[in-house]
Amino acid sequence: MDTPLSRKEQTHDRILDVAAGVMRAHGFDGVGVADIMKRAGLTHGGFYAHFASRDALLAEALERAGHDSRSRLQRAIDKVGDAPGERFRALVEAYLSERHLKSPDSGCPVAALASEMPRQSEAVRAAAARRIAGLTDAVAATLGTSRGRDDAAIVTSQLVGALQTARLLGDNAQGRRHLAASRAFLLERFGAH
């Protein structure tokens with residue numbers, strides 16, 4: 001039985017939710033402690049009751065964003081049967097969807113922030129590495145036992161890169177064509193055989 005969250009835990013969760021959205025929408029540099037606290041309806045002074053530092057907030061917010069993204073992706077996968085080909089198709093179509101293209105602030109934090117990761121603290125980079133490993137695990141689970149971990153890593157890279165490129169092209173016909181071509185390639189190359 002789940003116990004209700006304390007008031008402090010609820011506040012901590014609210015700060016993380018705000019920070020995760022702002023971080024994905026505006027990058028790591030867009031996450032200012034005062035702004036996050038204000039958006040969460042709190043004063044700046046209360047920040048250190050929840051986090052040791054800004055980097056601690058970023059690492060935890062990245063974990064939260066990744067967990068939320070993985071949960072949405074898993075729901076899409078779980079809607080189909082147990083056949084590896086169908087589960088892989090569901091993952092590719094959900095990740096490379098027009099909805100995901102339009103929603104960097106609520107989507108995969110790896111795709112939204114990958115280019116900024118090398119300049120972050122060790123704690124933030126470690127959280128990012130866990131997110132990439134989690135996405136690779138999700139891919140591996142949908143590929144079935146006939147494919148190895150290397151194939152899952154390749155697909156993960158293709159998913160993230162295709163979404164980033166489509167976002168660079170824009171939420172327009174060109175960006176959507178790029179997503180469609182990437183979906184078709186991945187399904188043809190890595191779908192059930």
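Taken over segment 94-146, the residue count meeting the criterion of being part of a helix (DSSP H, G or I), of a type in the set (S, T, N, Q) and within 25 Å of ALA83 (Cα to Cα) is 2. Residues in segment 147-162 that are of a type outside the set (Val, Ile, Thr), open to solvent by 10 Å² or more (accessible area, probe 1.4 Å), in contact (Cβ under 8 Å) with a residue 12 or more places away in the chain and part of a helix (DSSP H, G or I): ARG149, ASP151, ALA153, GLN158. Residue check: ALA133 meets all listed conditions (1) out of contact with any helix residue (DSSP H, G or I) (no Cβ under 6 Å at 6 or more places or on another chain); (2) more than 19 Å from ARG75 (Cα to Cα); (3) not charged (D, E, K, R) but one, namely (2). Of the set (1) over 26 Å from ARG130 (Cα atoms); (2) open to solvent by 30 Å² or more (accessible area, probe 1.4 Å), all apply to GLY46 but (2).
Only one of the numbered conditions (1) surrounded by 14 or more Cβ atoms within 10 Å (Cβ to Cβ); (2) farther than 19 Å from SER97 by Cα; (3) aliphatic (A, V, I, L, M) is not met by ALA129, and that is (1).
With respect to the conditions (1) more than 30 Å from ALA162 (Cβ to Cβ); (2) modelled with pLDDT under 90, ALA83 lacks only one, and its number is (1).
Taken over segment 8-32, the residue count meeting the criterion of being surrounded by fewer than 17 Cβ atoms within 10 Å (Cβ to Cβ), of a type in the set (Gly, Ala, Ser) and either touching a helix residue (DSSP H, G or I) at 6+ places or on another chain (Cβ under 7 Å) or closer than 16 Å to SER53 by Cα (or both) is 3. Listed by position, the helices (runs of 4 or more DSSP H) contained in segment 1-84 that have at least 1 residues being in contact (Cβ under 8 Å) with a residue 60 or more places away in the chain and over 30 Å from GLY191 (Cβ atoms) are 7-26, 54-78.
The values are calculated or read from the model by the stated rules, or taken from the named source; none is laboratory data. Model, not experiment: these values are computed from the prediction. Counting neighbours? That spans all protein chains shown, and the Cβs are built from the backbone with ideal geometry, glycine included. SASA here: full protein model, heavy atoms, side chains in, ligands and nucleic acids out. Shrake-Rupley method; radii C 1.70, N 1.55, O 1.52, S 1.80 Å.
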